[in-house]
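Bear in mind these aren't lab numbers, they're just calculated from the coordinates by the rules spelled out. For clarity, every value in this text was computed on a predicted model and none was experimentally measured. Note that we place each Cβ from the backbone using ideal geometry, even for glycine, and neighbour counts take in every protein chain shown.
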Amino acid sequence: MKKTVRAHTNIALIKYWGKRDEELILPMNSSLSLTLDAFYTDTSVRFDETKTEDEFYLNDVQQTGSSLKKVQVILDLVRQQSGISHKAVVESQNHVPTAAGLASSASGMAALAGAASAAAGLELSRKDLSRLARRGSGSASRSVYGGFVEWQKGTNDLDSHAVPVDDADWDIGMLFILLNKKEKAVSSREGMKRTVETSPFYPSWVESTEQDLIQMKDAIQNRDFDTLGKLTERSALKMHATTLGAVEPFTYWEPDSLVAMELVRTLRSEGFHCYFTMDAGPNVKVLCRMSEAKELQRHLASRFGEDHVLLSGIGEGLKELS
Ligand code: FM0
């Protein structure tokens, strides 16, 4: 049985940064994200008794090495749970503009969890899909749901999963300022590990994030956009601050990242409702009012170029296509 599932990407407003268990991918802190409709992955899986190895095609190119290994983490878990021993054929199409340089592990691993479990005949709940996606990539646990989503850190493998918070249907959008598509020097997986192990700032990150998350959920409930935005910037800046204290120190920022953040601040002082965030790379994302997004996009594009500023609305959770 071949199954195809679509998952959208998500961007964290309260970041996931650091694991307490690397194999189970249990995080040090809970996180909160927004699922977006502009970028997504469609993945098909079928288990095939005639195959002697797992095969993984990404945008029609067969993958080997670490890219295949990551997919096999999920396939092995599904084989364990279903009792199927056959090898699998996995075909993924990433709908992320080629120049984006945006990570796709969240949508990729979520779509894979959905398609592999369905192809094996497992009828997993959303919660168990989130737990399975988590094993591929922590942030993927959140792409199972649409809108605002919390990944509760939990206490163990069973209770560390995402829960939906709000459908975000209240004039919210996100702009992506694409600065650079170079391969990152430090992957998020390696960067968070190094930070947990060596940065003296790390414990303060974990401590203070708990409070930020409570306040952010309040802001969402009250539809208080400006508090939501301020907490978003604060979380991103704090996360990036921890990397400077690591041994060896590193940063994902580039000169243009600072230019973009400053421009967001300037536009805000001119009356736009806009707040930045950044992940494990130089691109800057801007949480904004959808009703102001086109005008903001024009301002940002006049500095960074039209092809470098993309707009997204709110995305939905995992969806079985066939
Ligand atoms: O998305 O090692 O999920 O909360 O994007 O695969 O579990 O790729 F800014 C960093 C995402 C980290 C914040 O890490 O790591 C966030 C980040 P994995 P991910």
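Values computed for the structure shown
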{"item": "Principal-axis tilt of helix 255-269 within the chain, Cα atoms, nearest 10 degrees", "result": "60 degrees"}
{"item": "Signed unit charges on C-beta, dipole axis of the chain, positive-most listed residue S312, A280, S125", "result": "A280"}
{"item": "The chain - percent relative contact order, Cα under 8 Å, separation 6 or more", "result": "24 percent"}
{"item": "Set of aspartates and glutamates with alpha-carbon distance to K2 below 18 Å, sequence-local pairs under 8 removed", "result": "D42, D48, E49, E53, D54, E55, D60, D76, E91, E123, E320"}
{"item": "Among G146, G271, G173, residue whose mean-square fluctuation peaks in a GNM of the chain (springs only between Cα atoms under 10 Å)", "result": "G271"}
{"item": "Within the chain, percent of DSSP bridges classed antiparallel, to nearest 5", "result": "90 percent"}
{"item": "Under-5 Å amide H pairs with G146, H placed in peptide plane, nonlocal only", "result": "G317"}
{"item": "Residue-by-residue Karplus 3J(HN,Hα) for region 119-135, coefficients 6.51, -1.76, 1.60, Hz, glycine and proline x", "result": "5, 8, x, 7, 10, 7, 6, 4, 4, 6, 5, 5, 5, 5, 4, 4, 5"}
{"item": "For the chain, size of Cβ-based charge dipole, Lys and Arg +1, Asp and Glu -1, in debye", "result": "260 debye"}
{"item": "Burial order of peptide ranges 28-39, 46-57 (average beta-carbon count within 10 Å, highest first)", "result": "28-39, 46-57"}
{"item": "Principal-axis tilt of helix 65-82 within the chain, Cα atoms, nearest 10 degrees", "result": "60 degrees"}
{"item": "Relative contact order, percent, region 32-145 [alpha-carbon distance under 8 Å, six or more residues apart]", "result": "35 percent"}
{"item": "Volume per residue of the C-alpha convex hull in the chain, rounded to whole Å³", "result": "125 Å³"}
{"item": "Whole-angstrom gap from region 142-193 to region 42-78, using each part's C-alpha centre", "result": "24 Å"}
{"item": "Of K19/K87; K3/K87; K51/K184; K181/K285, those spanning more than 24 Å from alpha-carbon to alpha-carbon", "result": "K19/K87; K51/K184"}
{"item": "For region 233-322: relative contact order, % (alpha-carbon pairs under 8 angstrom, 6 or more apart)", "result": "20 percent"}
